[in-house]
Ligand SMILES: Nc1ncnc2c1ncn2[C@@H]1O[C@H](COP(=O)(O)OP(=O)(O)OP(=O)(O)O)[C@@H](O)[C@H]1O
Ligand SMILES: [Mg+2]
């Protein structure tokens, strides 16, 4: 059985909003009983993806929701923008590839930091990245 | 429907506002919107009320009731901005400030109604008066929002400047405790003051302590690397300390390589390393 709590949406249009996304991720992770390492991984992945939404996607929105699936609390975050999209996803995911002089680690790194990672994009189609993670130990509370 | 109060209604309202000036001001002072009217401040508060009332009475006279940009309102914008800023500093939001303004409208309308002979109230007058007071409220809201934005920008600037203390741990050894969220503005400010301190104090080693940074993403990592590189160009070595276990694990999975930058788990380890670099060592004191 899956139950979904109300999701929280953060509009991303400035650097301050990335802080809000990190806070939303942190709060959800605490709520879901994540360990400190798990919290830090999710917050870091969210920070990377939100910055991509802002910097490459020209802004967009991030929704965060907690769902309970078979007794396990899962956090799902969706990063949506209607920017230029990514033509070659494999290349974008490769470490060290950046079109903006970044380290080129954000996208691939975020993928490694979460349990599930999906990306829907294409030239001029915008980009939607969906990630989800669950607490290893299950829900503590 | 646009209520225009030119001509007779305008003149009647203006007459009313001028005639009941003292009563209106008295009730406005009580609302507290104009500030604490005790002691020396009492005269200032009255003067502020008078100015706002004068603007209001010009507005009803000219009939330009719905325009927040009307000339008489323009003249009191700075005054209202100051009052809004004062309230904002006391922790009131723009919404609260505007809500408090309802209390300016009510006593004026009451005074007006009390004057009207039973059954002969002129609807167009009360509507005009009410419209002008609503527009005044809109003007205050606009100035409050602008003031709020200004205060936030100012505070961000202050935070960027004050949140980067450079601590001299020893002759030639500096420490920078990085705390909280490192946005690009704060990172930039931190780097600049560190580089300046390296020059001023002829430092050989600078310790960047990230104990207080909740997450190290690629932007923070890139900032740390760039700072270390710039410090090296100035002849100083950077050490990164305070890397907590969860941060270390996350950085590895993210794929961040700090390269040749020395890292230490704690600030005290980093200090020991730094002292060694400047040719000092810490030994237990000889006693007895
Ligand atoms: N939302 C997006 N919209 C469009 N292009 C994107 C988006 N996200 C990523 N990309 C593309 O994928 C590339 C790789 O992204 P990645 O996050 O890995 O690196 P980066 O953002 O360039 O640098 P950093 O290491 O600082 O994150 C980007 O340079 C960009 O070209
Ligand atoms: Mg990125």
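Some notes on this structure:
- Debye log10 I(q)/I(0) at q = 0.14 Å⁻¹ for chain B, Cα point scatterers: -0.92
- Per-residue Cβ neighbour rank within 10 angstrom, fewest leading, B:143, A:44: B:143, A:44
- Put in line by how crowded their Cβ is, counting other Cβ atoms within 10 Å and starting with the fewest, B:79, B:109 read B:109, B:79.
- Shape summary of chain A, radius of gyration then Dmax from alpha carbon positions: 14.6, 45 Å.
- Considering only alpha-carbon pairs that sit under 8 angstrom and 6 or more positions apart, the relative contact order computed for chain B is 14 percent.
- Computed over all pairs of different Cα atoms, the Kirkwood value for the hydrodynamic radius of the stretch B:184-288 is 14.7 Å.
- Length-normalised contact order for chain A - Cα pairs under 8 Å, 6+ apart - percent: 27
- Choice from A:131, A:119, A:18 with maximal GNM fluctuation in chain A (Cα, 10 Å cutoff): A:119
- Cα coordinate range in the stretch B:7-157, projected on the principal axes (Å, largest first): 57, 34, 22
- Here the mean projected area of the convex hull built on the C-alpha positions of the stretch B:1-76 is 5.4 nm².
- Averaging the Cα positions of each part gives two centres, and for the stretch B:172-236 and the stretch B:132-149 these lie 42 Å apart.
- Average other protein chain Cβ within 10 Å of Cβ, residues A:38-44: 6
- Set of the stretch B:132-151 residues, backbone N closer than 12 Å to the point 7 Å along the Cα-Cβ line of residue B:31: B:133-141
- Computed on the Cα atoms alone, the convex hull of the stretch A:68-118 gives a volume of 99 cubic angstrom per residue.
- Residue B:116 versus residue B:69: modelled label distance in nm, points set 7 Å from Cα along the beta carbon direction: 3.3
- Measuring r between the beta carbons of residue B:134 and residue B:42 and using R0 = 45 Å, the FRET efficiency lands at 0.95.
- Ranked list, fewest to most other Cβ atoms within 10 Å of each Cβ, for B:205, B:108, A:128: A:128, B:108, B:205
- Secondary-structure-derived ellipticity at 222 nm for the protein assembly as shown, considering helices only, amounts to -17500 deg cm²/dmol, per-run term -39500 (n - 2.57) for DSSP H runs with n ≥ 4.
- Average Cα contact separation per residue, the stretch B:167-277, under 8 Å, 6 or more apart, as relative contact order %: 27
- Shielding by partners - mean other protein chain Cβ count within 10 Å, residues of B:253-262: 4
- At R0 = 60 Å, FRET efficiency that the Cβ-Cβ distance of residue B:268 and residue A:82 yields, to 0.05: 0.75
- Cα Rg, Dmax (largest Cα-Cα span) when computed across the protein assembly as shown, Å: 30.2, 103
Every number in this text was worked out from the coordinates using simple rules, so none of it is lab data. For clarity, every value in this text was computed on a predicted model and none was experimentally measured. So basically every Cβ, Gly included, is an ideal-geometry build from the backbone, and we count neighbours across all protein chains shown.
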